[in-house]
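Accompanying notes for the structure given below.
The values are calculated or read from the model by the stated rules, or taken from the named source; none is laboratory data. Given the structure is predicted, the values throughout are model-derived calculations rather than measurements. Ideal geometry is used to build each Cβ from the backbone, glycine not excepted, and the neighbour counts take in all protein chains shown.
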Amino acid sequence: MNVKLEPLEARILGILKDWYPITVEELKDELALPSGVLERALKSLMVKGIIQFEPLSDKTFIRLLVPDIVAETGPHKKTVKKQPPAKVSDDSIMYR
């Protein structure tokens, strides 16, 4: 099964294929990501039906629901920061 994923989601998928069982905390430590970033990626994978959470009394494990999945990643989205307009000095010829 091929599915289009973001680069982080594909990375998570690769880890889940190699390392099972794994907890959310272990995955967070492995990827060295802030909790919010990891939670968004995991939620996206869960909504796509790729993973499921298995909460136990003290840990939450991540289960890969589709072990034969192949991730297709598209090009990275590049964000372009808008540059502030250049300052015009008052001593230019235009202002004389």
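Among the residues of the range 25-37, just one is at pLDDT below 90 and either hydrophobic (A, V, I, L, M, F, W, C) or surrounded by 17 or more Cβ atoms within 10 Å (Cβ to Cβ) (or both), namely L33. Do the conditions hold for V80, that is, is it at pLDDT 80 or above and either within 17 Å of N2 (Cβ to Cβ) or out of contact with any Phe, Trp or Tyr (no Cβ under 7 Å at 6 or more places or on another chain) (or both)? Criteria not met by V80. Residues that are surrounded by 17 or more Cβ atoms within 10 Å (Cβ to Cβ) and acidic (D, E) were ranked within the range 1-19; the one that is farthest from R63 (Cα to Cα) is E6. Selection of first residues in the range 37-54 that are under 20 Å from P67 (Cβ atoms) and of second residues that are assigned to a helix (DSSP H, G or I) and among the acidic types (D, E), restricted to Cβ pairs under 6 Å at least 6 apart or on distinct chains, gives the following pairs, ordered by first then second residue: A41/E9; L45/E9.
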